[in-house]
Amino acid sequence: MAILASDFLTRPYNDETLEYDYDTHQYYMTLDASFNNTGIDLVELWQGEENAQFYLKLISNVLYTVILRFKDEKYREKTLYYLSHSKKARKALIKLIVDTVHYNHSGGGFMTAYQTGINLHEMKSLRIEPEQFVSPIANEIMKNNGLETRYFRQDFIVEYDTMGVEW
Amino acid sequence: MSFIPMESNPYVTWGNSMNEMFLDLLNPFGYFQNLAVQVVSPLIPSYSEPLSDQPDYELSDFLVWGKPFEEYLNDGEDSFLYPLYYALTELAKIRVRWELVGHERIWKQLVSLYACHYLELHLQILKDEANRLSLNPYEKDKDYKYVMEVGGEVQDDFKMTHFGRMFWFIYKPYGQFSHWGINY
């Protein structure tokens, strides 16, 4: 069984918006697309193109981790395959990355995920909930695009080689 | 005593008169006690119509009652729930006996509700939020027991789901004394 033909991408592809890394099996947004979609100049914010690109990769890492969190570990590879070979998932990832750039820029962004929440001075800790790693809008985008499900809505198997092309 | 048999049971057996009952007492395994004569005519007409063949059951019949599952079955045989739906409806057609129900729409309702009940339970198993069926650590906070409480009493079996309750309310007179085992 396979992903529905109307939704299937034979191979993840690069365009002006997203680039695909075959080692990590993740999409990353390009700097130009980030600026065009958000209006936020990351190069200026992070003082360099390399830093800005590294920041966009970090956003993708966090987003993929959040999406993988909803599925059991036995579906990890299947989830990465689906995110790489589904047109719908690709569009959802673009929306999610754009939203997360806004979320970070507005304050209280995903860097919250790296906060321990422990205040030694006042001897108390603040629990950081996984839902706060991304914005509430991003949570809704994931829900509406079927990325928050515990199981897949389609039956498919992971094809490491599609029509002679390796994943 | 003589009588005219009905179309639905056109047989005459012995054992109605006092003399015949006396013979029965003497020899219960005798020839006359095991003899049945089929009467061709006259017969009292049967008032019930003969039962038609079991009707066909389609996905569209299921979706009348199983609307919540429509999006998981709208890809036809490619849907991830389709094999389970098909298996459940095939089992439902065996367990919800056409010969007992006899009415097409009621029978289709019962078959659908039976399948919906088990589909609902299977979705809970698939979600497995507590990681019971996973090598990941067990999450007690998310171990939602699938129970239904009515009046403080926990319901079990078919009463665990809304579909099951609807099904059992109608089918209980037929099914409550059946052995829901291998052959049924």
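We did not get these values from a lab; they are worked out from the coordinates using the rules stated. It should be emphasised that the depicted structure is a prediction, and the values quoted were computed from it without experimental measurement. With ideal geometry, Cβ positions are generated from the backbone for all residues, glycine too; neighbour counts draw on all protein chains shown.
Only four residue types carry charge here, +1 at the Cβ of Lys and Arg and -1 at the Cβ of Asp and Glu. Report the dipole size of chain A about the Cα centre in Debye, rounded to the nearest 20.
It works out to roughly 740 debye.
Only residues of the range B:101-140 count here: report those whose backbone N is under 19 Å from the spot 7 Å along Cα→Cβ of A:Glu73, or say none.
Correct set: B:127-140.
Of A:Pro136, B:Leu88, A:Ser6, which is farthest towards the positive pole of the protein assembly as shown's charge dipole, taken about the Cα centre with +1 and -1 on the beta-carbons of Lys, Arg and Asp, Glu respectively?
Checked the options; the winner is B:Leu88.
Check the straight Cα-Cα distances from A:Lys143 and name the lysines below 17 Å, setting aside those fewer than 8 residues away within the same chain.
Leaving aside lysines fewer than 8 places away in the same chain, those within reach of A:Lys143 are A:Lys71, A:Lys87, A:Lys88, A:Lys91, A:Lys95, B:Lys127.
Can you give the charge dipole size of the range B:48-87 about its Cα centre, rounded to the nearest 20 debye, using +1 on the beta carbon of Lys and Arg and -1 on the beta carbon of Asp and Glu?
That gives a dipole near 180 debye.
Got a sec? Charge dipole of the range A:18-159, +1 on Cβ for Lys and Arg, -1 for Asp and Glu; which of A:Thr149, A:Ser125, A:Ser60 is way out at the positive end?
A:Thr149
Relative contact order for the range A:18-159 using alpha-carbon pairs under 8 Å, separation at least 6, rounded to a whole percent?
23 percent
Choose one of B:Tyr144, A:Thr17, B:Asn19: the residue whose Cα lies farthest towards the positive end of the charge dipole of the protein assembly as shown (beta-carbon charges +1 Lys, Arg; -1 Asp, Glu; about the Cα centre).
Farthest along the dipole direction, towards plus: B:Asn19.
Using only helices, what value at 222 nm comes out for chain A when you add -39,500 (n - 2.57) per DSSP H run of length 4 or more and divide by the total residues, to the nearest 500 deg cm²/dmol?
Here the helix-only value at 222 nm equals -13500 deg cm²/dmol.
Which value in nm describes the separation of the simple spin-label points at B:Glu58 and A:Ile40, placed 7 Å from the Cα toward the beta carbon?
5.3 nm
For B:Glu99 and B:Gln38, FRET efficiency with R0 = 22 Å and r from the beta-carbon atoms, rounded to 0.05?
Efficiency for this residue pair is about 0.45.
Subtracting the Cα-Cα distance from 0.36 nm times the residue separation, let me have the gained length for A:Asp21 to A:Lys124 in nm, one decimal.
Value of the extension gain: 33.0 nm.
Ranked highest first by the average count of other Cβ atoms within 10 Å around their residues, in what order do A:7-18, A:115-126 fall?
A:7-18, A:115-126
Translational diffusion coefficient of the range A:18-159 at 20 °C, 1.002 mPa s, Stokes-Einstein with Kirkwood Rh over Cα pairs, in µm²/s as a whole number.
Answer, rounded: 133 µm²/s.
Could you sort the peptides B:76-85, B:36-45 by per-residue average Cβ neighbour count (10 Å cutoff), highest mean leading?
B:76-85, B:36-45
Note down the nm distance, to one decimal, between modelled labels 7 Å out along Cα→Cβ at B:Glu49 and at A:Glu148.
The answer from the label model is 5.1 nm.
For the peptides A:79-91, B:128-140, what is the packing order when you average, over each peptide's residues, the other Cβ atoms within 10 Å and list the highest mean first?
In descending order of packing, they fall as A:79-91, B:128-140.
What average count of beta carbons from other chains do you get within 10 Å of the Cβ of residues in B:75-85?
Going residue by residue through B:75-85 and averaging, the value is 3.
Averaged over A:150-161, how many beta carbons belonging to a partner chain fall within 10 Å of each residue's beta carbon?
Taking the mean over all residues of the peptide, I get 3.
Dipole size in debye (nearest 20) for the protein assembly as shown around its Cα centre, Lys and Arg Cβ +1, Asp and Glu Cβ -1?
In total the dipole reaches around 840 debye.
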